[in-house]
Amino acid sequence: MYEAYYGFNLRPFALLPQDEFMFLSRQHRMALDLLVYGLSNRALFCVVYGEIGTGKTTLLRYLLKRRGPNITVGMVTGINGGFHELLQWALLEFGLEHQGLDKIEMQKRLVEFVKREEAKGRRIVLILDEAQALAPSVLEELRLFSNVYAEYAPLLQTVLVGQLSLRTTLRRREMRQFAQRVGVDFHLTPLDQEQTEAYIRHRLGLAGPGREHLFTSEACQAVFSVSQGIPRIINLLCDTALVYGYADQKPTIDVGVVNEMLLDKARDGGWLFSSPARRGARRTPSTTG
């Protein structure tokens, strides 16, 4: 809609994870480096958690595209059933037959696969996205299953990525044995105001070289005040602001465009992502009067 008007080759603020737009803030780079370190040093479990929309899945996709050829990865998302269901999805991800197998048979098949890959010089990594949905009992079964060693190195490495409730679960008293086997434990926090502006300019430049300063600094500040540095919300606000700018044929997205969008949304009852107590526009004073 607005891409041609603003000189973009593609939408700069799509809501779906786009690893090609990955912005490595300090915290995202630290998470990435720790995951790489944990995988290379055969940590049994790596855990990354953060608020909704902080870029956890995008970070995973970025990592997966840059993994070495000796790592085979299976990625399972949003399992909220038992360990039997988790095994089914894991076998499916690795291209293994699971139909008609009971839990013991599935575990045996997965262990045999992992050992075959190990003999070929390849390591197996199982990634569980949205892992906050896993019950403590499932995590305990996963711990017991993962406790398979070859020459004192774990055959199966697991990366758990989820919301902050995952951290709460792992801190429960009955999860101590699991927690003691976590080699990487990182909290991915939202962007600060300076990082938010850098994030916006990063995506604008990738979508349209030379368009990095389409948003004024005051507009970026207004976006930060509402988004609180959560990348998914930044994308939503900036994408909507571009529609407003295009509709009014604005050459730049200034704080007036952002404020108009925020006030319109406030009149309509606020953003769906906002809690009732926080709904309403946070108007940023315009420097243009």
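Quick notes on this one:
- Pairs of Cα atoms in the stretch 197-240 fall into 5 Å distance bins, from 0 up to the last occupied one, in shares of 5, 26, 36, 24, 8, 1 percent.
- Relative contact order, percent, the stretch 26-188 [alpha-carbon distance under 8 Å, six or more residues apart]: 39
- The phi-based Karplus calculation (6.51 cos²θ - 1.76 cosθ + 1.60; θ = phi - 60°) puts the 3J(HN,Hα) values of the stretch 112-129 at 4, 4, 4, 5, 4, 5, 4, 5, 8, x, 10, 9, 10, 10, 9, 9, 10, 8 Hz, whole numbers, x for Gly and Pro.
- Debye equation applied to the C-alpha atoms of the stretch 26-188, log10 I(q)/I(0) at 0.15, 0.16, 0.19 Å⁻¹: -0.78, -0.90, -1.31
- Amide hydrogen neighbours beyond the local backbone of Trp271, cut-off 5 Å, H modeled: Gly280
- Nonlocal amide H pairs with Val159, under 5 Å, H built at 1.01 Å: Cys46, Leu126, Ile127, Leu128
- Rg/Rh for the chain, where both radii come from Cα atoms and Rh is the Kirkwood radius: 1.06
- Extending 7 Å from the Cα toward the beta-carbon at both Ser165 and His187 defines two label points whose distance is 1.8 nm.
- Converting phi to 3J(HN,Hα) with the Karplus coefficients 6.51, -1.76 and 1.60 and the offset θ = phi - 60°, the stretch 209-225 yields x, x, 9, 4, 9, 4, 8, 6, 4, 5, 5, 4, 5, 5, 5, 4, 4 Hz in sequence order, with x at every glycine or proline.
- Amide H contacts under 5 Å for Arg123, placed H, 5+ residues apart: Ile71, Thr72
- For the stretch 74-141, applying the loop criterion from DSSP together with a ceiling of 16 other beta carbons within 10 Å to the trypsin sites (Lys or Arg not before Pro) yields Lys120, Arg122.
- Gained length - Ile52 relative to Glu212, 0.36 nm times residue gap less alpha-carbon distance: 55.0 nm
- Whole-Hz couplings from phi, Karplus 6.51/-1.76/1.60, listed for the stretch 71-84; x for Gly and Pro: 10, 9, 10, x, 10, 10, 10, x, 7, 10, x, x, 5, 4
- A quarter of the convex hull surface defined by the alpha-carbon atoms of the stretch 1-106 gives 10.1 nm² as the mean projection.
- For the pair Glu20 and Gln99 in one chain, pulling the backbone fully straight at 0.36 nm per residue adds 24.8 nm over the alpha carbon distance.
Taken together, the values in this text are just the output of simple stated rules run on the coordinates, not laboratory data. Note that the coordinates shown come from a computational prediction; the quantities given were computed from them, not determined experimentally. Every residue, glycine as well, gets a Cβ built from its backbone with ideal geometry; the counts of neighbours run over all protein chains shown.
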